[in-house]
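K.L.:
Following this message is one structure expressed as structure tokens.
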Amino acid sequence: MGLVWSSGVGEASAWRPHPRCRLQASSPRLLRPPAALLQPAGRLLVLFAGELRIGFAGETTQHGPGNRNFSMQQMAMSLSAVTSPSLHGKTLSAMHARHSQRLRTRHIHHSQVRAVPQTQLQYQKLGDSDLVISKVTLGTMTFGEQNTEKEAHGFLSYSFDQGVNILDTAEIYPLPFDKETQGRTDLYIGRWMQLKPRDKIILATKVAGYSERFTFLRDSAKVVRVDAANIREGVEKSLKHTLVRYIGVSNETSYGVMEFVHAAKAQGFPKIVSIQNSYSLLVRCCFDVDLVEVCHPSNCNVGLLANSPLAGGVLTGKYLDANADISKRSRLNLFPGFMARNNSSLAKEATNEYVKLAKRHGLTPVQLALVFVRDRPFTTSSIIGATTMDQLKENIDAFSRVPRPLPQEVLDGIDDIYKRYRDPAIL
């Protein structure tokens, strides 16, 4: 299966597989949690790994840093990689109102709160792990499809130089998923990592979830699904000689999070420390109304890695004019149907309102969208992506240069739009 749990680099932890575990470790260094840990929720697991090696053209290279049914994932991050420059419907409406009131208590007397200028990236502890990660996670799903290896290395190096210490990849990358390109992203990152200090990068990678079409990912499976055999094969094909530090979930519900936490507590398994779900101005309800309580530090203490904070680029406003050159050259038009929910007619209306709000207050649409997610009290890090260096710079600058918190009149404007367009990309 390839799920690994260790308390230190190169050392097996005191944790041992449950006697009923049918999964056998292939090495004393690789201890795998039982299948029961993987079964409570059929969506995603997150793993945190140490040194990661992947095969390429017969060689071993050091690898450093959708669709709901196909976004089941697992992530791997390195404990040794922790570096920090400084330690740093009506019912729905009613429920949201109560949660919003609690979440925004710090803004009630906003006239007495001064915005704090940001001069560099901030860092935050991930859940109850020992990982301290940058508020920006670099997403890499375009590497190998929309971006060349040279461009990918440029993005990685720039992000690293700006203080980003966590990368996100997956065995199915790049996206859109294709048999001919699958795995290129990992190869690009692996070759870049050969020239970088491994202990400075936290790596996240994911294994595919349920699919009846992409069976070529597995040697003999008739369907790719989230079970012990599929996860073992997926992880062992992309993660070799690795130590996994922590696990988490993605695209998950409150029930799933609590089942994983309960299984860990009841049977002495490793506990999940993170959740990677979509969160943006267009996709908020699930977390604001429900998951926020479960993931709170006083409860399950599961940190949010906010996926798609720009809603696939839609919140930049570049798709509002379908005839604009930038719109024609961008992902949703290059790959018809890909993430189309974010560009539906209702989502476009909401996006247009957010773009106008940003301009009224001297912000760019990118700054408004990213800083809103950055400042949510439950966000540990936001996963951003880019296809040009200018996009990447603008994204990272939004986190490091826009003061926090946003002015109260901006937050009020967001709330007003949200009341009229509640999760238009989903509901």
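The values are calculated or read from the model by the stated rules, or taken from the named source; none is laboratory data. Model, not experiment: these values are computed from the prediction. Note that each Cβ is placed from the backbone with ideal geometry, even for glycine, and that neighbours are counted across all protein chains shown. When the accessible area is computed, the model is the full protein with side chains, heavy atoms only, and any ligands, DNA or RNA have been set aside. Shrake-Rupley method; radii C 1.70, N 1.55, O 1.52, S 1.80 Å.
K.L.:
Output the helices (runs of 4 or more DSSP H) that fall wholly within segment 252-350 and possess 1 or more residues being surrounded by 18 or more Cβ atoms within 10 Å (Cβ to Cβ) and at pLDDT 95 or above, or say none.
P.N.:
In segment 252-350, the matching helices (runs of 4 or more DSSP H) lie at 254-267, 292-295.
K.L.:
Do we find that SER278 is out of contact with any Phe, Trp or Tyr (no Cβ under 7 Å at 6 or more places or on another chain), of a type in the set (Gly, Ala, Ser) and over 30 Å from GLU349 (Cα atoms) in this structure? Outline the logic, then answer.
P.N.:
Working: out of contact with any Phe, Trp or Tyr (no Cβ under 7 Å at 6 or more places or on another chain): yes; of a type in the set (Gly, Ala, Ser): yes; over 30 Å from GLU349 (Cα atoms): no.
When the stated conditions are applied, SER278 does not pass them.
K.L.:
Among what's in segment 110-126 and is assigned to a loop (DSSP other than H, G, I, E, B), farther than 19 Å from VAL164 by Cβ and open to solvent by less than 80 Å² (accessible area, probe 1.4 Å), pick the residue that is modelled with the lowest pLDDT. Give the derivation first.
P.N.:
Within segment 110-126, the subset assigned to a loop (DSSP other than H, G, I, E, B) is 113-115, 117-122, 126.
Adding the requirement that they be farther than 19 Å from VAL164 by Cβ leaves 113-115, 117.
From what is left, the residues that are open to solvent by less than 80 Å² (accessible area, probe 1.4 Å) are 113, 115.
On the way: VAL113: 52, ALA115: 69.
Out of the qualifying residues, it is VAL113.
K.L.:
Something else now. Of the residues that sit in segment 184-233 and are of a type in the set (Ser, Thr, Tyr) and under 20 Å from the mean Cα position of the chain (by Cα), which one is farthest from GLY256 (Cα to Cα)?
P.N.:
Residues of segment 184-233 of a type in the set (Ser, Thr, Tyr): 185, 188, 205, 210-211, 215, 220.
Add one more test, that the residue is under 20 Å from the mean Cα position of the chain (by Cα), and what stays is 185, 188, 205, 210.
On the way: THR185: 29, TYR188: 33, THR205: 20, TYR210: 16 Å.
It comes out as TYR188.
K.L.:
With the condition kept exactly as written, say whether any residue in segment 222-237 is modelled with pLDDT of 90 or more and of a type in the set (Asp, Glu).
P.N.:
Among the residues of segment 222-237, not one is modelled with pLDDT of 90 or more and of a type in the set (Asp, Glu), which makes the answer no.
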